[in-house]
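Everything below concerns the one structure shown next.
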Amino acid sequence: MFWDWGFAWEILPLLAHASLVTLEATILGFAIAAVLGLAFAIGRMYGPPWLNMPLTGLIEFIRSTPLLIQIFFIYFVFPEFGLVLEAMTAGVLALGLHYATYASEVYRAGLSNIQRGQWEASIALNLTPYHTFRDVIIPQAIPPVVPALGNYLVALFKDTPLLSAIGVLELMQTAKIIGSDTFRYVEPITMVGVIFLIFSLIAAGLIRMVESWLNRRIVH
């Protein structure tokens with residue numbers, strides 16, 4: 001039998017539980033990427049000269065090396081320097097750091113579009129740099145780049161199967177274990193593909209809703 005519906009329903013709870021691990025890795029990884037990417041962008045554009053060059057080098061290095069190698073490095077090499085991380089923690093950190101470098105370029109584009117008059121008005125109002133960024137610059141820079149950030153959210157979600165390389169029992173790893181135990185791969189692998197498709201479509205829809213909400217706020 002090519003497809004066994006009884007077997008598919010039997011393994012569905014296992015895959016559903018594993019999908020929660022995948023979602024957790026996605027949400028935490030993207031949260032790190034969003035915050036750290038903004039810090040990278042601000043540091044490169046407005047930080048002191050001694051910070052710009054090493055930060056640029058770090059970003060280009062991370063962007064130019066495979067994510068899987070970075071996952072291995074954090075999980076297997078960091079302990080050599082005394083930093084031992086659990087597999088899930090190492091995987092989330094690698095995802096967040098990797099996509100932070102891409103998000104930083106998106107933020108840079110948004111920050112570059114802020115007119116110089118906004119900075120001059122903030123100086124005239126005697127606002128501190130912190131309040132200038134928090135109340136004036138970032139609220140204007142973020143909405144236009146939401147679609148690009150959303151694309152990286154979906155891309156990060158689809159990269160979570162790489163965490164199986166260090167033993168994280170996410171969705172793909174669970175499907176592989178089911179397949180190796182039962183010698184049936186069609187159902188688990190197909191169901192994983194469908195789950196990824198559904199979650200990606202939901203994420204894309206939520207991103208469009210956020211974009212529309214931000215655009216309405218800007219108009220009003």
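The single condition among (1) more than 30 Å from GLY110 (Cα to Cα); (2) over 17 Å from the mean Cα position of the chain (by Cα); (3) touching a residue at least 60 places away in the same chain (Cβ under 8 Å) that LEU214 does not meet is (1). Would you call ALA141 touching a Leu at 6+ places or on another chain (Cβ under 7 Å) and without any contact (Cβ under 8 Å) to a residue 60 or more places away in the chain? Criteria met by ALA141. In the condition set (1) closer than 21 Å to LEU15 by Cα; (2) touching a residue at least 24 places away in the same chain (Cβ under 8 Å); (3) touching a Pro at 6+ places or on another chain (Cβ under 7 Å), GLY179 is compliant with all but (2).
Screening THR26, THR22, THR56 for residues that are over 22 Å from GLU170 (Cβ atoms) and in a helix (DSSP H, G or I) leaves exactly one candidate, THR56. When ALA25, ALA31 are screened for being loosely packed, with under 13 Cβ neighbours inside 10 Å and closer than 28 Å to PHE199 by Cα, only ALA31 passes.
Looking across segment 58-92, the residues that are in contact (Cβ under 8 Å) with a residue 12 or more places away in the chain and of a type in the set (Val, Ile, Thr) come down to ILE59, ILE62, ILE71, ILE74, VAL92.
Throughout, read-outs are computed from the coordinates displayed, never taken from laboratory work. Since the structure is predicted, the reported quantities are computational estimates derived from the model, not experimental observations. Backbone-built Cβ (ideal geometry, glycine too); neighbour counts: all protein chains shown.
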